[in-house]
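Mind looking over this structure? Questions follow.
The values are calculated or read from the model by the stated rules, or taken from the named source; none is laboratory data. As the structure is a computational prediction, the values presented were derived from the model and not from experiment. Positions of Cβ are backbone-derived with ideal geometry, glycine not excepted, and every protein chain shown enters the neighbour counts.
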Amino acid sequence: MTEVRLFATCLAEQFFPSVVDAAALVLERMKIKVRPLKSAFCCGQAPFNEGLREPALELARRFLNSCEPGTPVVIPSGSCTSMVKIFYSDLLAEEPALAARAAAIRPWLFEFSQFIVNVMRVKYVGARFDRTVAYHPACHLTRELGVVDEPRVLLGQVEGLRLVDFRNPEECCGFGGLFSVKLPHISAAMVEDKIVRLKECGAQAVVANDCGCLMQIGGAIHRQGLAIETFHLAEVLAAR
Amino acid sequence: MAAAKPDPAPDFFATSRAGVADAELRRKLENSTGRHLDHVAQMRAEFPPYDAERDAARAIKEDAIGRLDQLLIELKHQLEANGCTVFIAADAAEARDYILKVARQAGARRVVKGKSMATEEIALNPALEAAGLEVVETDLGEYIVQLRRERPSHIITPAIHLSKEDIGQLFADKLGIPYSAEPATLTAAARDRLRGIFLAADMGITGVNFAVAETGTLVLVENEGNGRLSSTLPETFIAVMGIEKVIPRLADVPHFLEILARTGTGQKLTTYTNFISGPRRKGEADGPGAMHVVMLDNGRSTMLADPVLREALYCLRCGACLNVCPVYRRIGGHAYNSVYPGPIGSIVSPNLFGSAAAQLPFASTLCGACRDICPVKIDIPRILLHLRWKEGQATPPIKWPADARRARAGVARFARMARHPRTMRLLTRAAAIFARPFAHDGYLKRMPGAFRNWTRWGRDFPAPRFRRRKHVP
């Protein structure tokens with residue numbers, strides 16, 4: 001039986017625990033043993049993106065010491081996965097020992113949809129979700145990790161789900177971590193325009209693979225009082 | 001740091017706020033950048049070798065920037081052999097002084113300019129005007145912003161922030177023609193005005209797209225023929241180039257031409273591709289009597305010395321990263337308070353303009369759309385991250401508005417606490433209990449402290465949750 005560690009990520013632990021449960025459920029239904037990665041809380045992306053490399057380094061150290069080469073770590077977030085898989089090499093440039101550990105662990109780190117489709121070679125997870133859905137491709141997931149088709153493949157196999165297109169789906173939702181509160185007017189303008197396009201397409205729900213996007217899009221939808229729901233891909237795949 | 005030129009413009013937080021508040025500006029930006037992106041997508045689809053050409057062009061730039069000193073010596077030698085006078089300017093002031101000296105010696109009174117970001121960078125026009133010269137921008141977009149006495153708001157589409165109605169009104173006011181919003185009428189009016197100016201000009205100044213070291217050939221691409229007229233009609237011609245424009249061989253040029261217009265303007269090629277090989281020779285009837293080439297450093301060698309920032313010198317100034325940038329599309333070019341706006345501006349401006357531009361690397365969500373569209377694949381997000389780190393350590397420290405400073409301090413505090421997962425989980429639980437009475441179906445309408453700006457700006461905040469399930473540690 002395959003065993004994986006599930007890294008909840010700080011955003012999901014604090015604001016979207018149901019996403020973590022859903023991700024675990026989907027994996028368990030595939031006969032995978034899921035153990036939480038308890039000894040790390042955050043990958044360090046927020047301070048790293050702000051240029052605060054020393055605090056980020058300590059979080060990277062903790063994360064890397066929590067992982068073991070040989071055991072896959074599944075992360076339900078494109079941007080946290082890109083941090084640990086890609087940006088750690090810049091962060092750890094001056095820390096050869098830790099950089100070596102990161103390099104050994106890198107092949108064992110997977111974003112949730114990437115793991116299901118590319119490692120487990122599964123497309124149909126037995127989910128049913130009766131809604132018209134727009135899929136928002138998160139920036140780091142798409143452009144850093146190159147995970148473009150995997151979520152769409154999985155959504156395409158969900159019974160009852162109708163996937164609709166909307167204009168300019170790849171444009172960023174405006175979250176950007178600290179950007180969302182440091183330059184809130186630009187961040188809000190970006191999500192405002194994204195929601196205009198989502199409304200046009202008639203979706204009942206928006207699905208993304210990243211809790212940051214869900215916070216941003218969901219928060220703006222809720223403020224506007226719209227009847228569009230937001231879900232993480234894992235929640236859709238766990239639905240029966 | 002390069003010689004700091006403190007920019008008197010207001011700070012980015014204030015100007016970008018004005019940008020997003022201007023619904024009309026956002027509509028114009030969305031329309032014209034959107035149209036541009038459609039054209040680029042179509043061009044790329046119709047030209048299968050596009051990606052191979054991108055790789056070829058990037059490889060040439062890597063090679064050229066890797067031996068920049070050697071190529072510049074070769075270029076200088078070839079230009080001089082072709083009859084040009086070459087001046088290497090360490091900074092903007094040296095470049096301006098040299099150009100003024102040439103103008104004085106030539107007895108020039110009227111200057112026509114082809115579009116050039118390098119001359120914007122060194123603030124050449126005000127210096128020439130202060131010396132009593134008449135300066136006219138001859139690229140239509142540049143002509144328009146010059147009439148309005150403002151800066152270009154885009155690297156290749158200087159008047160992108162204006163509608164045809166805006167321009168019609170401007171021409172009615174400044175050129176005294178009857179109001180029209182018909183592009184053909186407006187273009188004809190500008191052309192009519194500019195023809196006489198070209199014929200009367202005694203000095204021409206343009207930028208340079210590529211400078212070929214092997215032959216001393218300057219390549220200038222443009223769409224209106226104004227670059228050709230500026231570089232051939234007046235008796236004195238000055239080309240101003242950033243030192244990063246040098247490429248080794250004439251055979252390298254086609255690789256760039258294949259991708260530059262396709263990405264920059266969504267054209268196969270620009271209408272005019274000028275190969276300029278020196279002043280008029282004995283027995284020739286056309287061309288300038290004297291040609292000068294100003295090679296501008298102005299902080300570029302500082303960028304060269306930084307192994308991460310160096311990649312910014314590969315930039316072809318195609319402007320595509322501005323069109324695709326979700327931040328630029330919401331705030332427009334003027335909000336950046338820099339000659340170079342948008343993603344590329346955010347990586348080159350801090351080095352060119354010092355602390356006044358230090359906030360710009362933070363004006364991004366790091367979405368990576370710029371790197372995807374960049375014809376030479378400059379890893380702009382990585383450079384932004386590098387600069388955030390570097391600028392964060394700079395003295396004097398970056399001046400942040402109070403809310404931004406609070407947010408920065410907040411994330412530093414979070415990072416220290418997040419080293420202790422058990423404590424964080426206890427705190428999450430406490431926060432969930434505390435927030436419960438304030439939550440409306442799972443969301444908070446108002447947040448305190450560093451998150452204040454979230455709920456002030458159009459978004460509810462998800463209430464913290466804690467559920468004792470086995471998968472939530």
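Could you tell me whether B:Arg317 is among the charged types (D, E, K, R), in a helix (DSSP H, G or I) and within 18 Å of B:Thr33 (Cβ to Cβ)?
Working: among the charged types (D, E, K, R): yes; in a helix (DSSP H, G or I): no; within 18 Å of B:Thr33 (Cβ to Cβ): yes.
Considered against the rule, which asks whether it is among the charged types (D, E, K, R), in a helix (DSSP H, G or I) and within 18 Å of B:Thr33 (Cβ to Cβ), B:Arg317 comes out as no.
Follow-up. Taking A:Gly218 as meeting all but one of (1) farther than 30 Å from B:Val411 by Cβ; (2) out of contact with any Cys (no Cβ under 9 Å at 6 or more places or on another chain); (3) buried (at least 17 other Cβ atoms within 10 Å of the Cβ), write down the number of the exception.
(1)
Find the residue count for the stretch A:23-39, including only residues that are facing chain B (nearest Cβ under 9 Å) and surrounded by 22 or more Cβ atoms within 10 Å (Cβ to Cβ).
Number satisfying all stated conditions: 2.
What do you reckon, is B:Trp389 in a helix (DSSP H, G or I), under 30 Å from B:Arg17 (Cβ atoms), in contact with a strand residue (DSSP E or B) (Cβ under 6 Å, 6 or more places away or on another chain) and within 9 Å of chain A (Cβ to nearest Cβ)?
No, not satisfied.
Out of curiosity, is B:Asn323 crowded, with 19+ Cβ neighbours inside 10 Å, on the phi > 0 side of the Ramachandran plot and not assigned by TED's automatic domain parsing to the domain that holds B:Val86?
Spelling it out, it is not the case that B:Asn323 is crowded, with 19+ Cβ neighbours inside 10 Å, on the phi > 0 side of the Ramachandran plot and not assigned by TED's automatic domain parsing to the domain that holds B:Val86.
Listed residues B:Phe414, B:Phe438; which is without any contact (Cβ under 8 Å) to a residue 40 or more places away in the chain and farther than 19 Å from A:Phe41 by Cβ? Give the steps one after another, and end with the answer.
Details: B:Phe414 fails: farther than 19 Å from A:Phe41 by Cβ.
Within the list B:Phe414, B:Phe438, the selection yields B:Phe438.
Does B:Lys268 meet the test of being of a type in the set (Lys, Arg) and either over 21 Å from the mean Cα position of the chain (by Cα) or surrounded by fewer than 18 Cβ atoms within 10 Å (Cβ to Cβ) (or both)? Before the answer, list the steps.
Values: of a type in the set (Lys, Arg): yes; either over 21 Å from the mean Cα position of the chain (by Cα) or surrounded by fewer than 18 Cβ atoms within 10 Å (Cβ to Cβ) (or both): yes.
Taking the combined requirement at face value, the residue satisfies it.
If you don't mind, another one. Determine if the stretch B:172-179 includes at least one residue that is surrounded by 20 or more Cβ atoms within 10 Å (Cβ to Cβ), assigned by TED's automatic domain parsing to the domain that holds B:Asn31 and at pLDDT 95 or above.
For the stretch B:172-179, residues surrounded by 20 or more Cβ atoms within 10 Å (Cβ to Cβ), assigned by TED's automatic domain parsing to the domain that holds B:Asn31 and at pLDDT 95 or above: absent.
Let me ask something else about it. For B:Ala407, work out the one condition from (1) under 23 Å from the mean Cα position of the chain (by Cα); (2) touching a residue at least 12 places away in the same chain (Cβ under 8 Å) it doesn't fulfil.
So B:Ala407 meets the others, but not (1).
Could you tell me which of the residues B:Ala363, B:Ala369, B:Ala402, B:Ala409 is farther than 30 Å from B:Lys28 by Cβ and within 11 Å of chain A (Cβ to nearest Cβ)?
Sole residue among the options that is farther than 30 Å from B:Lys28 by Cβ and within 11 Å of chain A (Cβ to nearest Cβ): B:Ala409.
So which pairs qualify, if the first residue must be in the stretch B:24-51 and over 21 Å from B:Pro326 (Cβ atoms), the second must be in a helix (DSSP H, G or I), the Cβ gap must be under 7 Å, and the two must be at least 6 apart or on different chains?
That search, which allows pairs on different chains as well, returns B:Met43/B:Arg262; B:Phe47/B:Arg262; B:Tyr50/B:Arg44; B:Tyr50/B:Ile259; B:Tyr50/B:Arg262.
Let me ask you something else. Restrict the check to the stretch A:24-34 and report whether at least one residue is closer than 23 Å to B:Phe414 by Cβ and out of contact with any Phe, Trp or Tyr (no Cβ under 9 Å at 6 or more places or on another chain).
Taking the stretch A:24-34 as the starting set, the residues that turn out to be closer than 23 Å to B:Phe414 by Cβ are none.
Checked against the condition, which is being closer than 23 Å to B:Phe414 by Cβ and out of contact with any Phe, Trp or Tyr (no Cβ under 9 Å at 6 or more places or on another chain), the stretch A:24-34 yields no hits at all.
Also, quick follow-up: Going through the stretch B:46-59 one residue at a time, which ones are assigned to a helix (DSSP H, G or I) and either modelled with pLDDT under 95 or among the aromatic types (Phe, Trp, Tyr) (or both)?
B:Tyr50
Based on this model, can you work out whether A:Ala46 counts as within 11 Å of chain B (Cβ to nearest Cβ) and free of Cβ contacts under 8 Å to residues at least 40 places away in the same chain?
Spelling it out, it is not the case that A:Ala46 is within 11 Å of chain B (Cβ to nearest Cβ) and free of Cβ contacts under 8 Å to residues at least 40 places away in the same chain.
Scan the stretch A:164-172 and give yes if some residue there is outside any loop (DSSP other than H, G, I, E, B) and either of a type in the set (A, V, I, L, M) or closer than 29 Å to A:Ile32 by Cβ (or both), otherwise no. If you could, list the steps in order and put the result at the bottom.
The initial filter retains those residues of the stretch A:164-172 that are outside any loop (DSSP other than H, G, I, E, B), namely A:164.
Of the ones still in play, those that are also either of a type in the set (A, V, I, L, M) or closer than 29 Å to A:Ile32 by Cβ (or both) are A:164.
Yes, the stretch A:164-172 has at least one match.
Something else: Looking at (1) crowded, with 22+ Cβ neighbours inside 10 Å; (2) more than 9 Å from every other protein chain (Cβ to nearest Cβ); (3) outside any helix (DSSP H, G or I), which is the only condition A:Gly70 fails?
(1)
From the list B:Pro381, B:Pro375, exactly one residue is buried (at least 24 other Cβ atoms within 10 Å of the Cβ), of a type outside the set (A, V, I, L, M, F, W, C) and in a helix (DSSP H, G or I). Which is it? Can you show your working first?
Numbers: B:Pro375 fails: in a helix (DSSP H, G or I).
Step by step, each of B:Pro381, B:Pro375 is checked, and only B:Pro381 is buried (at least 24 other Cβ atoms within 10 Å of the Cβ), of a type outside the set (A, V, I, L, M, F, W, C) and in a helix (DSSP H, G or I).
Among the residues of the stretch B:393-408, what is the count of those that are over 20 Å from A:Glu54 (Cα atoms) and either part of a helix (DSSP H, G or I) or of a type outside the set (Phe, Trp, Tyr) (or both)?
4
Pick from the stretch B:197-207 the residues that are among the aliphatic types (A, V, I, L, M) and surrounded by fewer than 23 Cβ atoms within 10 Å (Cβ to Cβ): which of them is farthest from B:Gly132 (Cα to Cα)? Walk me through how you get there before you give the answer.
Taking the stretch B:197-207 as the starting set, the residues that turn out to be among the aliphatic types (A, V, I, L, M) are B:197, B:199-201, B:203, B:205.
From what is left, the residues that are surrounded by fewer than 23 Cβ atoms within 10 Å (Cβ to Cβ) are B:197, B:199-200.
Working: B:Ile197: 16, B:Leu199: 19, B:Ala200: 16 Å.
The residue in question is B:Leu199.
Condition check: touching a residue at least 24 places away in the same chain (Cβ under 8 Å) and assigned by TED's automatic domain parsing to the domain that holds B:His36. Does B:Leu162 satisfy that?
Judged against the criteria, B:Leu162 is a match.
Run A:Lys199 past the list (1) more than 12 Å from every other protein chain (Cβ to nearest Cβ); (2) assigned to a helix (DSSP H, G or I); (3) of a type outside the set (Asp, Glu); (4) surrounded by 19 or more Cβ atoms within 10 Å (Cβ to Cβ) and report the number of the one that doesn't hold.
With respect to (1) more than 12 Å from every other protein chain (Cβ to nearest Cβ); (2) assigned to a helix (DSSP H, G or I); (3) of a type outside the set (Asp, Glu); (4) surrounded by 19 or more Cβ atoms within 10 Å (Cβ to Cβ), A:Lys199 is out only on (4).
What pairs come up if the first residue lies in the stretch B:261-282 and is free of Cβ contacts under 8 Å to residues at least 60 places away in the same chain, the second is part of a loop (DSSP other than H, G, I, E, B) and aliphatic (A, V, I, L, M), and their beta carbons are under 6 Å apart, counting only those six or more places apart or on different chains?
These pairs meet every condition: B:Ala261/B:Leu269.
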